[in-house]
Amino acid sequence: MAERKIVFVPSSFLHPDGAAVFEPYPEIEIVYALSEQERQEMRRSPELRRKLQAKANEVLDAHLPRIHALFAMGLMGHLPVTAEMIGRASSLEVIFIPAAGTDRIDVGAATEHGVVVVNAPNGNANSVAEHSVGLMLGLCRRIAERDRAIHSEKRMDMMAVMQRGTPLSNLNGKTLGIVGYGFVGRTLADMCRRAFAMKVISFDPFFDPIEAERQGTTMVEDLNELLAQADFVSINTPLLESTRGMIGKEQLARMKKTAFLINTGRGPIVDTDALVAALRERVIAGAGLDVTDPEPLPDGHALFDLDNVIITPHLGGNSPETFRPCSVIASRLALDVLRGKRPSNMINPAAWDRLRARLDKQAAKK
C-alpha cells in the first residue's frame with residue numbers, strides 16, 4: 001500500500017468544507033497540531049492563543065520531515081514558513097494558504113526545493129474592498145474619531161466636529177487612487193464608482209491600461225502623479241521587494257493635505273515612522289490601517305496617540321462569508337498537487353517541474 005500523504009494543519013482556520021475536500025481520498029490524512037477542544041478554546045484570550053501557538057509550533061517541528069502539505073495559517077494569523085523549515089520538510093509537496101498574501105512564506109526556497117505554493121486568489125476580495133470603504137467613510141465622516149471622543153468624554157458635543165480637526169467631507173465625486181489593480185483593487189474600484197460616483201485612477205505597471213479604461217479606471221504611469229491627484233490613496237499591492245517602503249516621507253508629502261491614506265495591503269509597504277510624522281504634522285488628513293509594520297503594533301505605539309488614524313487588527317479579509325470559499329479554493333489546489341495534477345493557479349509555477357522530477361526520482365529508488 002502506498003504511503004499516506006499527510007496534510008498538516010497547525011490552527012483552526014481550515015474551514016470544515018475545506019477539510020472535506022480531502023475526505024474522499026483515503027490516501028490523504030489530515031493531521032491537526034491541536035485537539036478539537038484546543039482549537040475551540042483558542043478564541044478565549046490572546047494569552048491562550050500564544051500558549052497554544054507555541055504548542056502547535058512544537059508539533060509542527062516534530063512532523064516536518066514527514067508532511068506532504070502544509071496549511072500556512074497559525075493561531076496568530078499567517079504562519080511564517082522559512083527556508084530552514086522547507087529544507088527539513090523532505091516530503092513536502094505543497095504549501096497552501098486560504099488568503100491572497102504569501103509574503104510570510106519563503107517562496108524562493110519553496111521553488112528551489114520543488115515545493116508548490118498556492119493561495120486563494122479573489123477569495124476575500126469583496127471583504128477587503130468593503131473594509132477599505134469602511135475605513136474611507138470612517139475617516140472622511142470622522143465616525144471613529146467622534147465615537148471615541150464621545151465614549152471617552154461621556155457627553156455629546158455637537159460643535160466639536162466643526163471647531164477642530166479635519167473638516168467633514170464626502171466620498172461622492174472624489175478621486176480614488178488605487179496602488180495595485182489586482183482582485184481587491186478592481187473590486188474596490190467598482191464599488192466606489194457605482195456607490196459614490198468616484199473617479200478612479202490606478203498605478204499598476206503590470207495591468208493593461210486599455211482593459212483598465214474599459215472597466216472605467218484610468219491608469220497612470222507615475223506613482224507621484226496618482227498621489228498628487230487622489231483624495232483617497234488605497235494600497236492594494238502585494239508586498240514585494242519592489243513595493244516594500246514604496247510609500248515614505250517623499251511620497252506622503254506629494255499627497256493633498258486633505259487626502260487620506262488607506263492600507264489594506266501589507267504594513268511594510270508604508271514607512272511607519274514617516275506616516276506617524278505626516279499624521280502628526282497634518283501633512284495628510286488621516287489614515288486607515290488594517291495592516292501595520294510591525295504587526296501587531298507594540299503596546300504604546302505612537303500611532304495609538306493620534307486621532308486622525310483608524311487602526312484595525314488585519315481583519316479586512318476576515319468574515320464567515322470569506323472563510324469557507326478561501327479554504328475550499330486553497331484546499332482544491334493543494335489536492336491537485338497531492339494527486340499529481342498541475343493546479344490551475346500557482347504562486348511559483350517554476351516549482352512544478354522540480355516537484356515532478358523529485359517525486360519521479362524518489363519513485364525510481366523504491
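What follows draws every value from the coordinates through simple rules; no lab data is involved. Remember, predicted model here, so these are calculated numbers, not experimental data. All Cβ positions, even for glycine, are placed from backbone atoms using ideal geometry, and neighbour counts span all protein chains on display.
Structure above, values below:
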| quantity | calculated |
| --- | --- |
| Segment 14-29: number of residues that are in contact with a Leu (Cβ under 8 Å, 6 or more places away or on another chain) and either free of Cβ contacts under 8 Å to residues at least 40 places away in the same chain or of a type in the set (A, V, I, L, M, F, W, C) (or both) | 3 |
| Residue ID - surrounded by the fewest Cβ atoms within 10 Å (Cβ to Cβ), chosen from residues in segment 307-337 that are touching a strand residue (DSSP E or B) at 6+ places or on another chain (Cβ under 6 Å) and within 19 Å of MET73 (Cα to Cα) | LEU333 |
| Matching residues in segment 108-131 - criterion: being under 29 Å from PRO320 (Cα atoms) and out of contact with any Gly (no Cβ under 7 Å at 6 or more places or on another chain) | VAL116, VAL117, VAL118, ASN119, ALA120, PRO121, ASN122, GLY123, ALA125, ASN126, ALA129, GLU130 |
| Among the candidates LEU60, LEU92, LEU48, LEU14, residue that is over 30 Å from ALA129 (Cα atoms), in a loop (DSSP other than H, G, I, E, B) and of a type in the set (A, V, I, L, M) | LEU92 |
| Selected residue (criterion: surrounded by the fewest Cβ atoms within 10 Å (Cβ to Cβ)) from residues of segment 338-349 that are part of a loop (DSSP other than H, G, I, E, B), touching a residue at least 40 places away in the same chain (Cβ under 8 Å) and of a type outside the set (Val, Ile, Thr) | ARG339 |
| Among the residues listed as LEU279, LEU261, LEU227, the single one being in contact (Cβ under 8 Å) with a residue 24 or more places away in the chain and part of a strand (DSSP E or B) | LEU261 |
| Meets criteria (over 30 Å from ILE329 (Cα atoms) and not in a helix (DSSP H, G or I)) for LEU137 | no |
| Residues (closer than 19 Å to ASN318 by Cα and out of contact with any Leu (no Cβ under 7 Å at 6 or more places or on another chain)) located in segment 36-79 | ARG39, GLN40, ARG43, ARG44, SER45, PRO46, GLY74, MET76, GLY77, HIS78, LEU79 |
| Filter result for VAL283 (more than 23 Å from the chain's Cα centre (by Cα) and of a type outside the set (S, T, N, Q)) | yes |
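Residue-wise test of (1) under 23 Å from GLY123 (Cα atoms); (2) surrounded by fewer than 19 Cβ atoms within 10 Å (Cβ to Cβ).
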{"position": "ALA144", "(1), (2)": "no, no"}
{"position": "ASP147", "(1), (2)": "no, yes"}
{"position": "GLY165", "(1), (2)": "no, yes"}
{"position": "GLY173", "(1), (2)": "no, yes"}
{"position": "GLY180", "(1), (2)": "yes, no"}
{"position": "PHE183", "(1), (2)": "yes, yes"}
{"position": "ASP190", "(1), (2)": "yes, yes"}
{"position": "PHE206", "(1), (2)": "yes, yes"}
{"position": "GLU211", "(1), (2)": "yes, yes"}
